[in-house]
Amino acid sequence: MTDLTELTVAELRDGIRAGDFTAVEAAEAFNANVAAADALNAFIVKTPEIALKAAALVDADRAAGKDLGVMGGVPIGMKDLFATRGVQTTAASHILEGFTPEYESTVSHNLWSAGATMLGKLNLDQFAMGSSNETSYFGNVTSPWRKAGGGNEAMSPGGSSGGSSTAVAARLAPAATGTDTGGSIRQPAAFAGICGIKPTYGRCSRWGVVAFASSLDQAGPMARTVRDCAIMLGAMAGFDPKDSTSLDEPVPDWEAALNADLKGKRVGIAREYRMDGMDAEIEASWEQGKQMLRDAGAEIVDVSLPHTKYALPGYYIIAPAEASSNLARYDGVRYGLRDLPEGAGLQDMYAATRAAGFGDEVKRRVLIGTYVLSAGFYDAYYTQAQKVRALVARDFERAWEHCDLILAPTTPSASFPLGSKDDDPIGMYLNDVFAVPASLAGLPAMSVPVDVNADGLPLGLQIIGKPLDEQAVLDAGLALEQRAGFTARAEKWW
Ligand code: GLN
């Protein structure tokens, strides 16, 4: 029998529907890969029995002639930022250790309703703050990728959705959920040689997703192919009255409409994304991408996004500001950890719990956030950053007068060794330089693997689209995928 863990979401779904194999067989195959991959540390909690139980229900539905849903019987990994009823949900933080929600996030609920089954909760950067998956309380995730001929150096899977990128690249799951506040789907997808799409802000409900920066947080799928992303995004998205920023828009059948013919599409190249000292390999892959889209029928046009250089500093004010407010709820009373020193009062308990429960990066963000929101500095920082955000969004609105999509690198470099940016938080923040403009503007954006660098590590390209035009983003992604023919994969060492 074929190794089911080599199949895509589409192939698994179709095979289960056709009766070529059962959902239980698929769950068993992935459970086995998960169990054998502890060296990657991709999972915080494994739920093999939940996957099997749900799969048995899918198989029973099939036997009864029922509709199996668009992800019927497909096992997936769930980023541990989504609340899952009865299964520990930690956001990779000590402060939430032992927290078992009584409720299910809307996105995960939607996925289970579409027939998907859960392999476990995936590791991530603590509260999704990070770009390397090194801020998790539960330890680093190690990328399955290693430099070709570069010894055994452990590489970063990217972050914050590093457990998701690793699980998919290492065939522990055919797909996984991610969340993207300032690049956390796209950057890890690029590092791991897989696809990932952040939809338009408001497409996927934030209800039941541990909040980082609420005006930016968006869930999306990570998978090996563009088609799989289209399928899974369709299952995740949809209006949710429980999220006040949810968009009341119909969810198109993105998979059915996939079309790699880009005739009539104009693809913008933003001159401000061409940065001084840019990695030559990234620049070369960007050039290749342009040619691929041209070959697919698109017209390439130059556009300008003049406020690009302010986007990253703006993001690193707005995101921590919102985080400092969102994270005020972790006080030792309501969730997870409580540190109550002998004879201590309420204030002491708050302080002790937060000191013990939050990691260093989380504390850094809370400090930055409270600082930029403080009475004396609010106008100097937070108000300015909000203006920057409006200008960045306006740049895109103007660009859309000249193009339908924008092609850019996803990241300024390929993956780097774990530990190599420990003393360089700004260098770490720079990872997001190409990702955050689309986040600030709430636009759909996708990363697709196109090549490997001289070290044999994946490189991704990013496609940014107009609001609600995920279809155009996916179509251009498909055109890149077909022409790039990316087949490189991490050699198994774990
Ligand atoms: N790396 C960025 C940060 O640390 C983005 C994280 C994210 O998108 N969740 O803020």
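The values are calculated or read from the model by the stated rules, or taken from the named source; none is laboratory data. It should be emphasised that the depicted structure is a prediction, and the values quoted were computed from it without experimental measurement. Glycine gets a Cβ as well: all are built from the backbone with ideal geometry, and neighbour counts include every protein chain shown. Keep in mind that these areas ignore ligands, DNA and RNA; they rest on the heavy atoms of the full protein, side chains included. Shrake-Rupley method; radii C 1.70, N 1.55, O 1.52, S 1.80 Å.
Is there any pair linking a residue in segment 421-444 that is basic (Lys, Arg) to one that is in a helix (DSSP H, G or I) and within 13 Å of the ligand (Cβ to nearest atom), with Cβ under 6 Å and at least six apart or on different chains, and which?
As it stands, the answer is Lys421/Gly427; Lys421/Met428, since those pairs meet every condition given.
Given (1) open to solvent by 50 Å² or more (accessible area, probe 1.4 Å); (2) over 28 Å from Asn140 (Cα atoms), where does Ile16 come up short, assuming only one miss?
It fails just one condition, (1).
Would you check if Pro144 is more than 15 Å from the ligand (Cβ to nearest atom) and either farther than 18 Å from Leu459 by Cα or in a loop (DSSP other than H, G, I, E, B) (or both)? Break it down into steps so the answer makes sense when it comes.
Working: more than 15 Å from the ligand (Cβ to nearest atom): yes; either farther than 18 Å from Leu459 by Cα or in a loop (DSSP other than H, G, I, E, B) (or both): yes.
When the stated conditions are applied, Pro144 passes them.
Please indicate, with yes or no, whether at least one residue in segment 166-177 is within 13 Å of the ligand (Cβ to nearest atom), part of a helix (DSSP H, G or I), open to solvent by less than 10 Å² (accessible area, probe 1.4 Å) and closer than 17 Å to Asn431 by Cβ.
no
Answer yes or no as to whether Ile197 is within 15 Å of the ligand (Cβ to nearest atom), at pLDDT 95 or above, in contact with a strand residue (DSSP E or B) (Cβ under 8 Å, 6 or more places away or on another chain) and over 19 Å from Met71 (Cα atoms). Lay out the reasoning, then the answer.
On the way: within 15 Å of the ligand (Cβ to nearest atom): yes; at pLDDT 95 or above: yes; in contact with a strand residue (DSSP E or B) (Cβ under 8 Å, 6 or more places away or on another chain): yes; over 19 Å from Met71 (Cα atoms): no.
Taking the combined requirement at face value, the residue does not satisfy it.
Gly234 is checked against (1) within 18 Å of His109 (Cβ to Cβ); (2) in a loop (DSSP other than H, G, I, E, B) and fails just one. What number does that condition carry?
(2)
Please count how many residues of segment 62-100 are among the aromatic types (Phe, Trp, Tyr) and open to solvent by less than 10 Å² (accessible area, probe 1.4 Å). Show your work before the answer.
Keep residues of segment 62-100 that are among the aromatic types (Phe, Trp, Tyr), which gives 82, 99.
With open to solvent by less than 10 Å² (accessible area, probe 1.4 Å) added as a condition, the list becomes 82.
Residues meeting the conditions: 1.
Quick one: which residue in Ile282, Ile318, Ile269 is open to solvent by less than 10 Å² (accessible area, probe 1.4 Å), β-branched (Val, Ile, Thr) and within 16 Å of the ligand (Cβ to nearest atom)? Break it down stepwise before answering.
Numbers: Ile282 fails: within 16 Å of the ligand (Cβ to nearest atom); Ile269 fails: within 16 Å of the ligand (Cβ to nearest atom).
Of the residues listed, the single one that is open to solvent by less than 10 Å² (accessible area, probe 1.4 Å), β-branched (Val, Ile, Thr) and within 16 Å of the ligand (Cβ to nearest atom) is Ile318.
Does Met278 count as under 16 Å from Ala435 (Cα atoms) and of a type outside the set (Phe, Trp, Tyr)?
It is true that Met278 is under 16 Å from Ala435 (Cα atoms) and of a type outside the set (Phe, Trp, Tyr).
Can you tell me which condition Ala219 does not meet? The list is (1) open to solvent by less than 10 Å² (accessible area, probe 1.4 Å); (2) within 20 Å of Thr90 (Cβ to Cβ); (3) part of a loop (DSSP other than H, G, I, E, B); (4) within 14 Å of the ligand (Cβ to nearest atom), and all the others hold.
Looking at each condition in turn, Ala219 falls short on (3).
Is it true that some residue in segment 315-334 is in contact with an Asp or Glu (Cβ under 6 Å, 6 or more places away or on another chain) and among the hydrophobic types (A, V, I, L, M, F, W, C)? Show your work before the answer.
Of the residues in segment 315-334, the ones in contact with an Asp or Glu (Cβ under 6 Å, 6 or more places away or on another chain) are none.
Scanning segment 315-334, I find no residue that is in contact with an Asp or Glu (Cβ under 6 Å, 6 or more places away or on another chain) and among the hydrophobic types (A, V, I, L, M, F, W, C), so the answer is no.
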